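Visitor: One structure is given below, represented as structure tokens, and several questions about it will come after.
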């Protein structure tokens, strides 16, 4: 759901750009305090992997495809602050090198696919994990969070496009939310599979704040 | 950087996805493109880009074989993001050392 140049009016892309720039600056100032040495190479691997996975569109319905956003997956590995920086880096490279997403729309795309999934997604995941204990609880929380952030990100994109006067909200919002409810299912499955795999083979690569909450006794 | 094995395994997996699995990607329009086409505002997308990217559409320039062009673009982009992710990580860690 990379917004190209031309869909957003100047006030809308400027406002979205300001919000994203603020979120990235806040993340850069916060991340240093919590970044472990191991997380520096993990930022490289996560950025590379999520960029690569975003290239693999999967068919969802008649003549439509979707692809991973990866914001929630990045957040589960890196925590909210470092993942925001990684998602911003991916979206900047996509716009500059590959013309995927407009230059003027960059701030909106970082907001819809990065900031939202990493910061709001972190709060949502942590709240769900509080209710759902154990590995299974964490996996269910990850699926719901990933799905919800795709649908919310698409809805936010629809609001931005509508506020720009491109198309009425009553048309674009249900259409964007609807198609991304399907794409979000793919996002949820990939995110959950990746988390399950890492919890099994390299639990230490999952961010400490995103590990499963012990049901009774075990370490978490 | 300590040569942790998982870093190289992770990078290799990313390169395989970006350079090989990407060839199997569905060519169908994505969610936003589909909605924009259906609702008739796709033509609002600026056709002459404000900034000309070197590899538009994830295709390596000057290569006739589209599969090879896609694979190379994916491979290159994955390497660029590995380097950039590391670079950002190093930069923010330096901020911390300075006592931010």
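The values are calculated or read from the model by the stated rules, or taken from the named source; none is laboratory data. This one's a predicted model, so the numbers in the text were calculated from it and none came from an experiment. Cβ coordinates were reconstructed from backbone atoms using ideal geometry, including for glycine residues, and neighbour counts include every protein chain displayed.
Visitor: Please find, among A:173, A:182, A:198, the residue that is in contact with a strand residue (DSSP E or B) (Cβ under 7 Å, 6 or more places away or on another chain) and surrounded by fewer than 21 Cβ atoms within 10 Å (Cβ to Cβ).
Guide: Just a single option satisfies the conditions, and that option is A:182.
Visitor: Taking the condition part of a helix (DSSP H, G or I), modelled with pLDDT of 90 or more and under 30 Å from residue A:173 (Cβ atoms), does residue B:36 pass?
Guide: Criteria met by residue B:36.
Visitor: Could you figure out which of (1) exposed (fewer than 15 other Cβ atoms within 10 Å of the Cβ); (2) closer than 26 Å to residue A:62 by Cα; (3) facing chain A (nearest Cβ under 7 Å) isn't true of residue B:30?
Guide: (1)
Visitor: Quick one: how many residues across segment B:38-96 are more than 7 Å from chain A (Cβ to nearest Cβ), over 22 Å from residue A:103 (Cβ atoms) and under 21 Å from the mean Cα position of the chain (by Cα)?
Guide: 13
Visitor: What tally of residues in segment B:42-77 results from selecting those that are within 30 Å of residue A:170 (Cα to Cα), out of contact with any helix residue (DSSP H, G or I) (no Cβ under 7 Å at 6 or more places or on another chain) and either at pLDDT 95 or above or part of a helix (DSSP H, G or I) (or both)?
Guide: So the answer is 2.
Visitor: I need the full set of residues from segment A:7-53 which are at pLDDT 95 or above, over 30 Å from residue B:8 (Cβ atoms) and facing another protein chain (nearest Cβ under 7 Å), in order please.
Guide: A:7
Visitor: Out of A:123, A:73, I need the residue that is away from chain B (no Cβ under 14 Å) and either surrounded by fewer than 24 Cβ atoms within 10 Å (Cβ to Cβ) or in contact (Cβ under 8 Å) with a residue 60 or more places away in the chain (or both). Which one?
Guide: Among A:123, A:73, only A:123 is away from chain B (no Cβ under 14 Å) and either surrounded by fewer than 24 Cβ atoms within 10 Å (Cβ to Cβ) or in contact (Cβ under 8 Å) with a residue 60 or more places away in the chain (or both).
Visitor: Condition test on residue A:178, is it more than 19 Å from residue A:7 (Cβ to Cβ) and either within 14 Å of chain B (Cβ to nearest Cβ) or modelled with pLDDT of 95 or more (or both)?
Guide: Considered against the rule, which asks whether it is more than 19 Å from residue A:7 (Cβ to Cβ) and either within 14 Å of chain B (Cβ to nearest Cβ) or modelled with pLDDT of 95 or more (or both), residue A:178 comes out as no.
Visitor: Let me ask something additional. Got a number for residues in segment A:140-159 being touching a residue at least 60 places away in the same chain (Cβ under 8 Å) and either under 10 Å from the mean Cα position of the chain (by Cα) or over 17 Å from residue A:118 (Cβ atoms) (or both)?
Guide: Keep residues of segment A:140-159 that are touching a residue at least 60 places away in the same chain (Cβ under 8 Å), which gives A:142, A:145-146, A:149-150, A:153-154, A:157.
From what's left, either under 10 Å from the mean Cα position of the chain (by Cα) or over 17 Å from residue A:118 (Cβ atoms) (or both): A:145-146, A:149-150, A:153.
Count: 5.
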